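Chemist: Sending over a structure as structure tokens; questions will come in a sec.
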Amino acid sequence: MKKSPPEIRILSENVANKIAAGEVIERPAAVVKELLENSIDAGATRIDIEFKHGGKTFIKVSDDGCGMTRQQALMSLELHATSKIRDTDDIFKISSYGFRGEAVTSIASVSSFSIKTKPEGQALGTHILVHSGKVENIKECGMASGTEIVVENLFCSVPARRKFLKTDNVEASHIIKLCRLYALALPHLAITLIENSRVLFRSDRNLGMIERVKRIFGAEIADKLVLLPECKRKDMKVYGAILEPAESFATSRNICAFINARPVECKAVFSAIKEAYSGYVPKGRFASAFLFLEVPPESVDINVHPAKREVRLRDEFAVRDFLLDALSSRLSEFLATRTDFTRNERVNDNSIDDANNNSTSANFVLKPAFTPADLSVVPTKVEVESAPKKRPQIESIAVRYPFKPSVADSADEILHSSEIQSDSFDVSSDDIVEIKEMPASENSIEGWRYIGCFHKKYAIFETKTGLELLNISASIKRIRYARIIANLNGETPNSQLLLIPVNLKLDRADTETLIENMSTFAKCGFKIEEFGANFYRVSSAPAWLEFSKIAEFITDFVQTAREESKTIRSRKLSVEAFAYVASAKATSVGFTCNEATATCLLRELLACEAYATSPDGRPTIKEISNADLSKMFGL
């Protein structure tokens, strides 16, 4: 049976307003957001926000902005009435916080709504009472210049929606988070937040970045941050505060992005932060960052989400790369200046065996030697060809530190060469190391004094500022990673022909990304051929990659590249990927901690680019400052 054509009607104004309220005003925090943004657009320097019962029964927002005349106040209650934009072109270069003209009307249609407002220069203000979208009273009132809006009994006209609200505590937490973000985004603005007549926080004006974070988010977060100085590229600019390397948090809620001073969620920003901290934060943990990005208004579309939480950038790839470079440079700079150790000094790539007395220590030197302080140094072809090929004979397999790998024939040889136990190491003339005696005094680092070893896991040093605890296992992983990077950087991984080709089936989007990066895969040792629509066959792969992992490896990197809208870099695919796999197998088994070995371990660790963490993000070194010690003992 055929259906008859449907009857098409125009919705009444009342129904349309309530639909809009459902899109824009989904919870009390959304009411606070819209009213707060209107106050900011009105030029306010002070905004007071008060709420009760999670904002369900009472919300008041008052400001010292420009205020409105009687006619303007009545006009603001009309649907799509706004002073922010005039025509279509304005939508694509929005610089104000509000612009749609839906918020005030939507809020008034689902609550008991009161507005008091007065522009500067007028003797009396205007007071308008609205209930469920209907104006009930208009009168004059005495007040200071500015605007005060009170919203009571939210969703009184749509009780079904009220049932979907969470508990008072949950709704209050959303309001608090929102106000904190805007207080941080606008240093010229003083915001006071009051819950049930109790002041939650006050944000003073014109404070420094980290001091603002401390006042608003607390010292626990602020004390772990470092300033990100202003960085520019073309018409983009970024500044803010970011987390120190080796610190991390259980959730990502301490990552806050602001684009043109608007708190937003932006995939490009979060992607840049994630990649910049990939070697500093353990898996399952998150960084913290407060980034303020400034771009031309026409290059960002904020009209893609009803609540304006998400934005779309015209060139996400360029923004992401800009942020990644800025963050990576600042993290490297911070690590380079954190200690008294001079990184520009050429440091011998020393290894340590057991020191049997206090006067000398065994010092192993790689043949040919390279400087870990300069990780871009790659052995020449002559050095590679002349490097010893023989692996030491061993009876038992266990990871030992420190051992200098030769420039091996293959990545697999380097991987296995990290699994040699110190006690079974034969230092004959055919081996890849040589021994020379070095006075213990030359093995020290200025400003660092070895104290002892704790539980065979941590070496303890005294410095001018306190105690430094060295995580031996994590340090060995970082050093192993740096050595492999130094040996393999710039070299094409050995490729092996597969006896049984690996078949790949990709979706259309992944296929396009694979094609864009096909030349990069080839440089990394892969031979990938098209085998049909969205089907591919892998006939060669790098020697270090397990056969069972080939398909997963390619798929993961293709999907990562697609999500981040970028081409995969050869360094990411080959050298770093292999170094991570190889260094993950290194442990502290076989390492005997004493003054000589611990000091050499520290020296080589500090010569690494990212010495503060292991490749998997675990801290390698932690400080207990003099101030912390004094606080512990009440001194």
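The rows are residues; the columns are (1) open to solvent by less than 50 Å² (accessible area, probe 1.4 Å); (2) touching a Ser or Thr at 6+ places or on another chain (Cβ under 9 Å); (3) aromatic (Phe, Trp, Tyr).
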residue: Arg180; (1), (2), (3): no, yes, no
residue: Leu184; (1), (2), (3): yes, yes, no
residue: Glu195; (1), (2), (3): yes, no, no
residue: Arg202; (1), (2), (3): no, yes, no
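Chemist: In segment 202-230, which residues are assigned to a loop (DSSP other than H, G, I, E, B) and of a type outside the set (D, E, K, R)?
Modeler: Step one: of segment 202-230, the residues assigned to a loop (DSSP other than H, G, I, E, B) are 204-208, 218, 223-224.
Result: Asn206, Leu207, Gly208, Gly218.
Chemist: If you don't mind, another one. Looking at Lys118, Lys134, which is the one that is farther than 28 Å from Ala261 by Cα and charged (D, E, K, R)? It would help to see each step written out before you state the result.
Modeler: Values: Lys118 fails: farther than 28 Å from Ala261 by Cα.
Going through Lys118, Lys134 in turn, the sole match is Lys134.
Chemist: Spot the failing condition for Phe249; the list is (1) surrounded by 14 or more Cβ atoms within 10 Å (Cβ to Cβ); (2) touching an Asp or Glu at 6+ places or on another chain (Cβ under 9 Å); (3) farther than 16 Å from Leu178 by Cα, and only one is missed.
Modeler: For Phe249, the failing item is (2).
Chemist: Also, I was wondering about something else. Wholly within segment 120-175, which strands (runs of 3 or more DSSP E) include no fewer than the required count, namely at least 3 residues that are open to solvent by less than 60 Å² (accessible area, probe 1.4 Å) and touching a residue at least 40 places away in the same chain (Cβ under 8 Å)?
Modeler: Details: elements: 125-131, 134-141, 146-152.
Once the strands (runs of 3 or more DSSP E) in segment 120-175 are filtered for at least 3 residues that are open to solvent by less than 60 Å² (accessible area, probe 1.4 Å) and touching a residue at least 40 places away in the same chain (Cβ under 8 Å), what remains is 125-131, 146-152.
Chemist: For segment 448-462, which residues satisfy the criterion of being open to solvent by less than 20 Å² (accessible area, probe 1.4 Å) and either farther than 13 Å from Phe591 by Cα or without any contact (Cβ under 8 Å) to a residue 40 or more places away in the chain (or both)?
Modeler: Gly452, Phe461
So that you can scan it fast, the table gives a plain yes or no per residue for (1) in a strand (DSSP E or B); (2) modelled with pLDDT of 90 or more:
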residue	(1), (2)
Lys232	yes, yes
Lys237	yes, yes
Gly240	yes, yes
Glu247	no, no
Ala257	yes, yes
Ile273	no, yes
Gly279	no, no
Pro282	no, no
Phe292	yes, yes
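Chemist: Any chance segment 43-63 includes a residue that's surrounded by fewer than 18 Cβ atoms within 10 Å (Cβ to Cβ), at pLDDT below 90 and part of a helix (DSSP H, G or I)?
Modeler: Scanning segment 43-63, I find no residue that is surrounded by fewer than 18 Cβ atoms within 10 Å (Cβ to Cβ), at pLDDT below 90 and part of a helix (DSSP H, G or I), so the answer is no.
Chemist: While we're on this one: So for segment 408-423 (the condition being at pLDDT below 50, in contact with a Gly (Cβ under 9 Å, 6 or more places away or on another chain), part of a loop (DSSP other than H, G, I, E, B) and surrounded by 14 or more Cβ atoms within 10 Å (Cβ to Cβ)), does at least one residue qualify? I'd like the intermediate steps shown before the answer.
Modeler: Taking segment 408-423 as the starting set, the residues that turn out to be at pLDDT below 50 are 408-423.
Next cut, in contact with a Gly (Cβ under 9 Å, 6 or more places away or on another chain) only: 420-423.
Then drop every residue that is not part of a loop (DSSP other than H, G, I, E, B), which leaves 421.
Still in the running and surrounded by 14 or more Cβ atoms within 10 Å (Cβ to Cβ): 421.
Among the residues of segment 408-423, at least one is at pLDDT below 50, in contact with a Gly (Cβ under 9 Å, 6 or more places away or on another chain), part of a loop (DSSP other than H, G, I, E, B) and surrounded by 14 or more Cβ atoms within 10 Å (Cβ to Cβ), which makes the answer yes.
Chemist: I'd like to know if segment 317-328 contains one or more residues that are open to solvent by 10 Å² or more (accessible area, probe 1.4 Å) and modelled with pLDDT under 85.
Modeler: Checking segment 317-328: not a single residue is open to solvent by 10 Å² or more (accessible area, probe 1.4 Å) and modelled with pLDDT under 85.
Chemist: Yes or no: Ala336 among the small types (Gly, Ala, Ser) and open to solvent by 10 Å² or more (accessible area, probe 1.4 Å)? Give the derivation first.
Modeler: Numbers: among the small types (Gly, Ala, Ser): yes; open to solvent by 10 Å² or more (accessible area, probe 1.4 Å): yes.
Yes; evaluated as a whole, the condition is true for this residue.
Chemist: Among the candidates Ser278, Ser299, Ser288, single out the residue that is in contact with a helix residue (DSSP H, G or I) (Cβ under 9 Å, 6 or more places away or on another chain) and surrounded by fewer than 19 Cβ atoms within 10 Å (Cβ to Cβ). Steps first, answer last, please.
Modeler: Values: Ser278 fails: in contact with a helix residue (DSSP H, G or I) (Cβ under 9 Å, 6 or more places away or on another chain); Ser288 fails: surrounded by fewer than 19 Cβ atoms within 10 Å (Cβ to Cβ).
Being in contact with a helix residue (DSSP H, G or I) (Cβ under 9 Å, 6 or more places away or on another chain) and surrounded by fewer than 19 Cβ atoms within 10 Å (Cβ to Cβ) holds for just one of Ser278, Ser299, Ser288, which is Ser299.
Chemist: Another one. If you take the residues of segment 229-256 that are among the aliphatic types (A, V, I, L, M) and out of contact with any Gly (no Cβ under 9 Å at 6 or more places or on another chain), which of them is farthest from Tyr611 (Cα to Cα)? Give the steps one after another, and end with the answer.
Modeler: The initial filter retains those residues of segment 229-256 that are among the aliphatic types (A, V, I, L, M), namely 236, 238, 241-243, 246, 250, 255.
Those still in the list that are out of contact with any Gly (no Cβ under 9 Å at 6 or more places or on another chain) too: 236, 238, 241-243, 255.
On the way: Met236: 30, Val238: 26, Ala241: 21, Ile242: 18, Leu243: 15, Ile255: 23 Å.
Selected residue: Met236.
The values are calculated or read from the model by the stated rules, or taken from the named source; none is laboratory data. Treat the numbers as computed from the prediction; the structure is a model and nothing was measured. Note: ideal-geometry Cβ built from the backbone for every residue, glycine included; neighbour counts use all protein chains shown. The area values use the complete protein model at the heavy-atom level, side chains included, leaving out ligands, DNA and RNA. Shrake-Rupley method; radii C 1.70, N 1.55, O 1.52, S 1.80 Å.
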